[in-house]
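J.: Before I ask anything, here is the structure I am working with.
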Amino acid sequence: MPKKVKTAICLVRMQKLGAGYQTLFLYRRQGYQFSPATTKPLGYLAWDYFFTTPASKRMHRDPKDQYALDHAFVGLVKGMEENYAWMEEHWPDSRYDVISLSFDMQGEDKPGPWIEGWHCVYDLKTGAFSVPPDFAENNAKARKNPEPK
């Protein structure tokens with residue numbers, strides 16, 4: 001379980017890992033130094049969370065292989081500085097990060113479902129992921145299924 005983090009002293013860093021791959025790292029500030037705020041990169045924790053949700057039904061990955069998903073992309077959704085007001089959210093204390101997840105099934109012999117822009121929230125105070133009800137429409141559209149042959 002991720003460590004609890006104070007919201008006022010966090011930094012999120014996006015890191016490109018290769019062609020089409022990107023993840024997030026979360027740091028906390030202690031004085032003039034930054035140290036990891038979670039035991040694993042925040043992006044890996046987001047994938048771990050996604051694969052516990054019903055949205056991941058019929059999707060598979062090897063959690064020990066960060067490249068098990070084709071072009072796995074984890075990014076921050078813009079709007080943190082205004083508490084995501086453009087999304088019509090009114091969350092307190094800038095304590096939430098909205099994270100977007102995507103991967104595809106290019107080149108697979110037997111393509112399965114994939115996602116493009118599936119959203120979840122990371123609570124910086126509790127260290128927990130969730131999917132607010134307001135995200136249901138977006139997340140339903142984010143799930144893609146291969147066309148039948």
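What follows draws every value from the coordinates through simple rules; no lab data is involved. Owing to the predicted nature of the structure, the values given are computational and were not obtained by experimental measurement. Quick reminder, even Gly has a Cβ in these numbers, built from the backbone with ideal geometry, and neighbours come from all protein chains shown.
J.: Let me see the P(r) profile for the chain: every Cα-Cα distance counted, bins of 5 Å, each bin given as a percent of all pairs.
T.: 2, 9, 19, 22, 20, 14, 8, 4, 2, 1, 0, 0
J.: Specify which residue in the list Pro36, Val98, Asn145 is farthest towards the positive end of the charge dipole of the chain, using unit charges on the beta carbon of Lys, Arg (+1) and Asp, Glu (-1), about the Cα centre.
T.: Pro36
J.: Starting from one equal scatterer on each C-alpha and no solvent at all, send me the Debye-based log10 I(q)/I(0) for the stretch 72-149 at q = 0.17, 0.20 Å⁻¹, two decimals.
T.: -0.70, -0.88
J.: Fewest Cβ neighbours within 10 Å first, please rank Arg28, Arg143, Arg13, Arg58 accordingly.
T.: On the way: Arg28 20, Arg143 16, Arg13 13, Arg58 8.
Starting with the residue having the fewest Cβ neighbours, the order is Arg58, Arg13, Arg143, Arg28.
J.: Another question, then. Excluding the sites themselves, what is the longest stretch of the chain that contains no GluC sites (Glu not before Pro) in a DSSP loop with at most 14 other C-beta atoms within 10 Å?
T.: Values: sites that count: Glu88, Glu108.
Counting at most 14 other Cβ atoms within 10 Å as exposed, the longest clean stretch of the chain is 1-87.
J.: In whole Å, how far is the Cα centre of the stretch 79-100 from that of the stretch 133-149?
T.: 22
J.: Using the Cα centre of the chain as the reference point, and only Cβ charges (+1 on K/R, -1 on D/E), how large is the resulting charge dipole? Debye, rounded to the nearest 20. Show your work: numbers first, answer last.
T.: Numbers: 20 positive and 18 negative charges, 113 e Å.
Dipole of the chain, to the nearest 20 debye: 540 debye.
J.: Determine, for the chain, the count of lysine pairs separated by eight or more sequence positions (or lying on different chains) whose alpha-carbon distance falls under 14 Å. Before the final figure, lay out each step's value.
T.: Numbers: Lys3/Lys40; Lys3/Lys125; Lys4/Lys40; Lys4/Lys125; Lys6/Lys125; Lys40/Lys64; Lys57/Lys144; Lys110/Lys149.
For the chain, qualifying lysine pairs total 8.
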